[in-house]
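Participant: Structure incoming, see below.
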Amino acid sequence: MRYFFVLGKTPELSVLEFFEMSKAHDSCGSRVLDKVLVVSKKEKIDVRGLMEGLGGTVKAGEIIKEAENLGKIDLGELADFILDNVDKTKKVYFGFSILGKRQEKKKKMIMSLGLGVKKLLRNKGVKARFVTSKDEDLSSVVVKKNKLVSGQGAELVIIERGDERGILIGRTLEVQDFSGYSKRDYGRPNRDMKVGMIPLKLARMMINITGAGKEEEVLDPFCGEGTILQELAILGYKKIIGGDKDGEMVRQAKVNLDWLGVECKMENEEWSQRCSLYRGDVIKLSEVIPNNSLGAIVTEPHLGPPLKGGEGEEEIENIRRELSELYLGAFKEFKKVLKKGGVVVMVFPFFIQGERVRFLDITKEIEKIGFESVLGKRAGDLADLTERGSILYFRPGQRTGREVFKFRVDK
Ligand SMILES: C[S@@+](CC[C@H](N)C(=O)[O-])C[C@H]1O[C@@H](n2cnc3c(N)ncnc32)[C@H](O)[C@@H]1O
């Protein structure tokens, strides 16, 4: 069986997350386009189940046909794909997306395919709605809201491979749960951009990249308002711990988690057994958390003050020095509280000033404390890591970017 996965804004992280989550290390994968991963596997992949957990894949489905080019595709065959598994006596919904080159011709091609297929369906006596969107490709929202993954519809995804090796046609099986993300992001009681909130999908990808089992104890020692804790809870982790040196942040994280418990209809008791919070400085972590107890630490720490743009060399150097000291102190504590083989997935900031980009240079010292940098080990050469062994996550125009690392404790 072959499957396609349309990756999100930071495809390298999406690939790493995919290989940790799918446990598809034995399968054969290729990046047919920068943002499309195709995976062949002997056994069936539970795409819908997988999509419930993935943070960095926007759409996924099965490959149903391969052809030399679009001109070689018979519209009758496309109509048959759409009718597969639907109730033909009821209205059928269908749409197309074309991934790859040909941006300028896309809209025209989609319209010609859609209208042609609609006519064929009408000739077969099937009532059909051809779903289009003002963006050429159908977004997850359009796919879901127009019943294209409902069992009474289909989105066919045409993947034009970048290397002239023909096209693949896939059928979407599931799209990302955009409404769940939006509810957890905008609906939670405490949401203060000034505190520095990690984007929800990044939080989820980082958790998944740990590879930690759901029964493992997982900590965010810089929990802020609890975004990472929230995603851990939704993913089903049973022992979640959050800490922050600011008591007000701990209070806000608690309110957010209680809200989530109500939203998820969790019994209060079970919820409070799963999540615990403390107030404390990461530098004294081992006074709060027992030694050798944690399976993973996932965190976006304090990233320094927000930059305005005109900071001088010395100011940036001071920030780098202060943060390096804080993080190295934290890693000394992480070493004590992690179990054998435990991992840390963590964001470090990098500072962008015009052409100049400055990173924190502490990986060697982290290794000396007793960690190995292991991001990307599972995905082979399918994910393109930086020379530093990290993946960068940032938006153009940002002055502070995020650099994601994974370390395994060496004990
Ligand atoms: C960027 S926020 C964390 C975002 C958070 N991980 C989330 O899920 O949204 C950084 C947090 O680190 C906390 N902090 C700063 N220095 C700390 C320290 N030495 N020990 C523990 N927490 C600290 C701050 O109070 C702040 O709430």
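Participant: Out of curiosity, is K265 assigned to a helix (DSSP H, G or I) and of a type outside the set (A, V, I, L, M)?
Facilitator: no
Participant: Next up: Using the structure shown, decide if F18 is modelled with pLDDT of 95 or more, among the aromatic types (F, W, Y) and in contact with a strand residue (DSSP E or B) (Cβ under 7 Å, 6 or more places away or on another chain).
Facilitator: no
Participant: Out of K107, K59, K90, which single residue is more than 17 Å from N146 (Cβ to Cβ), open to solvent by 10 Å² or more (accessible area, probe 1.4 Å), touching a residue at least 12 places away in the same chain (Cβ under 8 Å) and of a type in the set (K, R)?
Facilitator: Every option except K107 fails the conditions.
Participant: OK, next. Let me confirm something: among G304, G342, G312, which residue is buried (at least 23 other Cβ atoms within 10 Å of the Cβ) and assigned by TED's automatic domain parsing to the domain that holds K238?
Facilitator: Residue meeting the stated conditions: G342.
Participant: Starting from segment 263-284, take each residue that is farther than 15 Å from Q230 by Cβ and list its partners that are assigned to a helix (DSSP H, G or I) and charged (D, E, K, R), counting only C-beta distances under 8 angstrom and pairs at least six apart or across chains.
Facilitator: The qualifying pairs are G280/E287; V282/E333; I283/E333; K284/E333.
Participant: How about segment 114-137: which of its residues are in contact with a strand residue (DSSP E or B) (Cβ under 6 Å, 6 or more places away or on another chain) and modelled with pLDDT of 95 or more?
Facilitator: Within segment 114-137, G114, K118, L121, V126, A128, R129, V131 qualify.
Participant: Look at segment 213-246 and say how many of its residues are open to solvent by 10 Å² or more (accessible area, probe 1.4 Å) and among the acidic types (D, E).
Facilitator: The qualifying residues number 5.
Participant: Oh, and also: Among the strands (runs of 3 or more DSSP E) lying completely within segment 320-411, list those that include at least 2 residues that are at pLDDT 95 or above and out of contact with any Ser or Thr (no Cβ under 7 Å at 6 or more places or on another chain).
Facilitator: Output list reads 338-353, 371-373, 400-409.
Participant: Hey, another quick one. Quick one: which of E287, E325, E317 is exposed (fewer than 14 other Cβ atoms within 10 Å of the Cβ), away from the ligand (no atom under 16 Å from the Cβ) and without any contact (Cβ under 8 Å) to a residue 40 or more places away in the chain?
Facilitator: E317
Participant: Report the residue count in segment 223-252 for those that are within 8 Å of the ligand (Cβ to nearest atom), farther than 16 Å from L200 by Cα and either part of a helix (DSSP H, G or I) or not assigned by TED's automatic domain parsing to the domain that holds P189 (or both).
Facilitator: Qualifying residue count for the region: 1.
Participant: Go through the residues of segment 256-263 one by one and say whether even a single one is open to solvent by 90 Å² or more (accessible area, probe 1.4 Å), out of contact with any strand residue (DSSP E or B) (no Cβ under 9 Å at 6 or more places or on another chain), among the hydrophobic types (A, V, I, L, M, F, W, C) and over 23 Å from G401 (Cα atoms).
Facilitator: Yes, there is a match, as at least one residue in segment 256-263 is open to solvent by 90 Å² or more (accessible area, probe 1.4 Å), out of contact with any strand residue (DSSP E or B) (no Cβ under 9 Å at 6 or more places or on another chain), among the hydrophobic types (A, V, I, L, M, F, W, C) and over 23 Å from G401 (Cα atoms).
Participant: Can you tell me which residue is farthest from the ligand (Cβ to nearest atom) among those in segment 196-206 that are within 20 Å of C264 (Cα to Cα) and touching a Lys or Arg at 6+ places or on another chain (Cβ under 9 Å)?
Facilitator: K201
Participant: Return a yes/no flag: does segment 207-218 have any residue that is more than 11 Å from the ligand (Cβ to nearest atom), β-branched (V, I, T) and part of a helix (DSSP H, G or I).
Facilitator: yes
The values are calculated or read from the model by the stated rules, or taken from the named source; none is laboratory data. Bear in mind the structure is a predicted one, so any value in this text is a computation, not a measurement. All Cβ positions, glycine included, derive from the backbone under ideal geometry; neighbour counts span all protein chains shown. SASA here: full protein model, heavy atoms, side chains in, ligands and nucleic acids out. Shrake-Rupley method; radii C 1.70, N 1.55, O 1.52, S 1.80 Å.
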